[in-house]
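Step one of this worksheet: look at the structure below.
The values are calculated or read from the model by the stated rules, or taken from the named source; none is laboratory data. Predicted model only: the values in this text are computed from it and were never measured. A quick note on method: Cβ atoms are made from the backbone with ideal geometry, for glycine too, and the neighbour counts reach across all protein chains shown. Protein only, heavy atoms only, side chains kept; ligands, DNA and RNA dropped before computing areas. Shrake-Rupley method; radii C 1.70, N 1.55, O 1.52, S 1.80 Å.
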Amino acid sequence: MPHDQLHTAHVDTFARDRLPPPHLLPQLFFDGPALQFPPRLNCVAELLDRHVAEGRGARIAVLGHGVRWTYAELQALVDRIAQVLVHEMGLITGNRVLLRGANSPMLAACWLAVVKAGGIAVGSMPLLRARELVAIVDKAQISHALCDARLADELAQALPNCPTLLQVLHFGSVARDDRDGIDGRDGRPRTDSGDLEARAALHPGGFSTVDTAADDIALMAFTSGTTGVPKGTMHFHRDVMAAAACWPQHVLRADADDVFIGSPPLAFTFGLGGLLVFPLAIGACAVLIEKTAPEALLPAIAQYRASVCFTAPTSYRAMAAHVAAHDLRSLRKCVSAGEALPAATRLAWREATGIEIIDGIGSTELFHIFISADEASARPGATGLPVAGYRATILDDEGRELPPGRVGRLAIRGPTGCKYLDDPRQTQYVQNGWNLTGDAYLVDTDGQYVYQARTDDMIISGGYNIAGPEVESALLLHAAVAECGVIGQPDAARGMIVKAFVVLKPGHTGDAAMERALQDFVKQTIAPYKYPREIAFLAGLPRTETGKLQRFKLKASVA
Ligand code: 3UK
């Protein structure tokens, strides 16, 4: 028996049985009193029940989609959903529950209910198609689903190929006005509801939180990376609270009066942490809205008087041009993650809002951010310093630690770490107890960690190692460039050449003169040998639902 089965509260041990064997797990550290956890821990007791028990039940917990729930109201709803799960849908502890929907208060309540009841929450990106859902349901042997009614069709198409998924309930009515807002058009809160809400209302509430082990699995987050087969990362109840005790406490330093808002889906741990776990951990307010494109996020910040924002670098860059039209006086902290933050974007946002962005690198495997810089220690072009609770180093290809200034593989240890569900790729992410994120980094003389590229995206051209993101950062400093992506293009003479795909700002033309102007600009900004020998002008760049540039698609276009 690879993992202790005596103390788990899970009756269904499917996920626990498929944890990596102990020798393939990352080495964990629990530095300091905030990271000492009791053997029994349900993270929802900490995130939700504790606030009500300690007298904060009347504070606002969640806003968005026409709802405004206090901690007590959220708890009452979560308890009723948990009763539907257990008493009507037959949920057994350890069962996997698929959650489908754009970000909304109801989706958050469902997540909390599943975890409170000792289930394992499995988020899914809203845009996933039936075949991708089938792959996740099959891999995680999912038995239950709670699904936004508007996404019901795609799930219905998947169901014939999902023999394990026998219990499905929908929430939210199809006819509902899907604008985000406090009130309906008539000024009254909207009350229309789908199946799950109607059934939940029939239960009395007062569900007692399942007394899980601290290392019972609370959630699975699937990450597809850039290629094929999705990997399921598993996180314990303890992992959720450990992440909440590290970066939010030491770098973000928000407080109970903060109002959190942002774009990443709750199915992405960047969003789950930033938009649900971290605000609830400190008794603050979480705004959960569905429309989070830059043009929707700005008015939402104003409408909800949000003070802490989580989004991707490209979103800050797009929003910077439009801040003047919105009242952003409530905003005080802005977090960027998912991709490297170009210096030009940091600058544009600071000039537009006066706010220094908090950059941070995190990963689905580690749950959240492990290297970051607060407003005071932010340095343009660098990600920051290891977050308290985590240790970082740079390794060469043989696994030896490299001195400052040398580019190598980023390696991380801390209180959280990679635990893939039954996946041979565990041995790629975890080596000698270190989590290897797949990123090439160097440590500067001031100790700051400086991102280079994904290790498999380094461009080797004419004997030089060139990091595409550095060339992108240089191009973004040019006034005509809206967005860009840089890759290595196979080349007979040089092995690879630097190729840039550029989206111009309105009013500029992608002609030969512009190509030359951008090439000259890069040569004057960074070492000349890094300049893009070819530039293609595009109307837009391929991106994931989480805002990441899909370099593999750019590469495929030149292969
Ligand atoms: C890249 C960054 C440079 C990097 C994530 C915050 O992005 C998250 O998780 P994913 O599993 O991707 C992880 C990879 O994304 N990356 C993320 N942030 C940065 N590169 N600077 C950054 N600031 O390649 C990393 O290995 O999708 C981010 C919190 C939770 C997350 N899951």
Inset, instruction - Please state which of the following conditions Asn435 fails to meet, knowing it meets all the rest: (1) open to solvent by 40 Å² or more (accessible area, probe 1.4 Å); (2) within 15 Å of the ligand (Cβ to nearest atom); (3) not hydroxyl-bearing (Ser, Thr, Tyr). - result: (1)
Legend entry - Gln428 vs. criteria modelled with pLDDT of 95 or more, within 24 Å of Pro380 (Cβ to Cβ), polar (S, T, N, Q) and assigned by TED's automatic domain parsing to the domain that holds Arg379: no
Inset, instruction - Within the stretch 438-451, count every residue that is away from the ligand (no atom under 12 Å from the Cβ) and touching a strand residue (DSSP E or B) at 6+ places or on another chain (Cβ under 8 Å). - result: 5
Inset, instruction - May I ask you to verify whether Ala474 is within 12 Å of the ligand (Cβ to nearest atom) and buried (at least 20 other Cβ atoms within 10 Å of the Cβ)? - result: no
Inset, instruction - Kindly establish whether Thr393 is more than 14 Å from the ligand (Cβ to nearest atom), assigned to a strand (DSSP E or B) and not basic (Lys, Arg). - result: yes
Legend entry - Criterion: surrounded by fewer than 24 Cβ atoms within 10 Å (Cβ to Cβ) and among the β-branched types (Val, Ile, Thr) - qualifying residue of Ile136, Ile120: Ile136
Inset, instruction - Considering only the stretch 291-375, give the helices (runs of 4 or more DSSP H) lying wholly within it that have at least 2 residues that are polar (S, T, N, Q). - result: 313-320, 343-353
Legend entry - Residues located in the stretch 37-62, provided they are in contact with a Gly (Cβ under 7 Å, 6 or more places away or on another chain) and surrounded by fewer than 16 Cβ atoms within 10 Å (Cβ to Cβ): Arg56
Inset, instruction - Sort out which residues of the stretch 486-512 are of a type in the set (D, E, K, R) and outside any strand (DSSP E or B), and write them in order of number. - result: Arg494, Lys505, Asp511
Legend entry - Test set (1) under 16 Å from Gly540 (Cα atoms); (2) more than 15 Å from the ligand (Cβ to nearest atom); (3) not in a strand (DSSP E or B) - Ala479 fails condition number: (1)
Inset, instruction - Filter the stretch 18-31 for residues that are open to solvent by 50 Å² or more (accessible area, probe 1.4 Å) and under 17 Å from Leu219 (Cβ atoms) and give the result. - result: Arg18
Inset, instruction - Determine whether the stretch 509-531 contains at least one residue that is within 16 Å of the ligand (Cβ to nearest atom), in contact (Cβ under 8 Å) with a residue 40 or more places away in the chain and either open to solvent by 70 Å² or more (accessible area, probe 1.4 Å) or in contact with a Pro (Cβ under 9 Å, 6 or more places away or on another chain) (or both). - result: no
Inset, instruction - For the stretch 158-167, indicate whether the set of residues that are in the same structural domain as Gly94 (by TED's automatic domain parsing) and in a strand (DSSP E or B) is non-empty. - result: yes
Inset, instruction - Only residues that are open to solvent by less than 10 Å² (accessible area, probe 1.4 Å) and assigned to a helix (DSSP H, G or I): list them for the stretch 80-106, please. - result: Ile81, Ala82, Val84, Leu85, Pro105
Legend entry - Restricting the stretch 264-291 to residues that are within 16 Å of the ligand (Cβ to nearest atom) and open to solvent by 10 Å² or more (accessible area, probe 1.4 Å), the residue that is nearest to Arg56 (Cα to Cα): Ala281
Inset, instruction - Scan the stretch 421-432 for residues that are within 19 Å of the chain's Cα centre (by Cα) and either open to solvent by 20 Å² or more (accessible area, probe 1.4 Å) or within 12 Å of the ligand (Cβ to nearest atom) (or both) and jot them down. - result: Tyr429
Inset, instruction - Would you tally the residues in the stretch 249-258 being more than 19 Å from Leu28 (Cβ to Cβ) and in contact with a helix residue (DSSP H, G or I) (Cβ under 8 Å, 6 or more places away or on another chain)? - result: 3
Legend entry - Long-range neighbours under 7 Å by Cβ, at least six apart or interchain, first residue in contact (Cβ under 8 Å) with a residue 24 or more places away in the chain within the stretch 317-344, second open to solvent by 40 Å² or more (accessible area, probe 1.4 Å) and assigned to a strand (DSSP E or B): Ala340/Tyr451
Legend entry - Which numbered condition Phe260 fails, given (1) within 12 Å of the ligand (Cβ to nearest atom); (2) crowded, with 24+ Cβ neighbours inside 10 Å; (3) not in a loop (DSSP other than H, G, I, E, B): (1)
